[in-house]
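Q: Okay, here's the structure, questions in a sec.
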Amino acid sequence: MLSVVLSELCPSQTLAFAGHRPSRLPQGAALLRLRDALANEITAALQRGRTQFVTGGMCGFDTMAAEEVLRCKEILPFVRCVVVAPFAVRFYEQRCWTPDWQARAQAVARRADDFYTIAERYHSGIYYERDRLLVNLSAELVVYYDGGQGGTKYTLDYAATQGKRTTNLAEK
């Protein structure tokens, strides 16, 4: 299944997203500015030749990014939205999944060009596997990283070791 992702995506045309869960995202007007910044980054990436966008499928920034890509796809149908979730069984039962985030992420999954999972079930290290895969599939990474610990920091650090261009929307 993932070999299909690897063979179909061209890293030079792909941008990946990574970021925090809802509790670490800005609120109110700042959240609207973040959404606008996402839209601007997607537009700029298209100008750099990126037409494929990959997200990790989690609630929060991943879902927001995919929603923005799908809005763009309504105007530019050649844009491709790919979701790579870490695992399938009981995925939407993780702590961050409120009913609203479940509905939003499931809507993204239905509308995405492709939806893949790395494993059937959760296992230790699965999120890091997914994070490395997102970076390896792409030429650049757009994140929302607030400076704290966690998977977004890991992904950003891994992207740096791979020489990938990164943009942190928390700094804009």
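Q: Being modelled with pLDDT under 95 and touching a strand residue (DSSP E or B) at 6+ places or on another chain (Cβ under 9 Å), is that true of even one residue in the stretch 94-103?
A: Taking every residue of the stretch 94-103 in turn, none turns out to be modelled with pLDDT under 95 and touching a strand residue (DSSP E or B) at 6+ places or on another chain (Cβ under 9 Å).
Q: Here's a follow-up. Kindly indicate whether any position in the stretch 110-117 is surrounded by 12 or more Cβ atoms within 10 Å (Cβ to Cβ), over 17 Å from GLU8 (Cα atoms) and free of Cβ contacts under 8 Å to residues at least 40 places away in the same chain.
A: No - not one qualifying residue is present in the stretch 110-117.
Q: State all residues of the stretch 70-82 that are out of contact with any helix residue (DSSP H, G or I) (no Cβ under 6 Å at 6 or more places or on another chain), of a type outside the set (Lys, Arg) and either closer than 15 Å to ARG110 by Cα or not in a helix (DSSP H, G or I) (or both); if no residue qualifies, say none.
A: GLU74, LEU76, PRO77, PHE78, VAL82
Q: So if I check each of ARG33, ARG80, which one is under 17 Å from ASN168 (Cβ atoms) and surrounded by fewer than 21 Cβ atoms within 10 Å (Cβ to Cβ)?
A: ARG33
Q: Now for a different question. The conditions are (1) within 13 Å of PHE17 (Cα to Cα); (2) out of contact with any Gly (no Cβ under 9 Å at 6 or more places or on another chain); (3) not aromatic (Phe, Trp, Tyr), and LEU134 fails exactly one of them. Which is it?
A: Here LEU134 clears every test but (2).
The values are calculated or read from the model by the stated rules, or taken from the named source; none is laboratory data. Please read all numbers here as calculations on a predicted model, not as lab measurements. For neighbour counting, all protein chains shown are included, and Cβ atoms are generated from backbone atoms with ideal geometry for every residue, glycine included.
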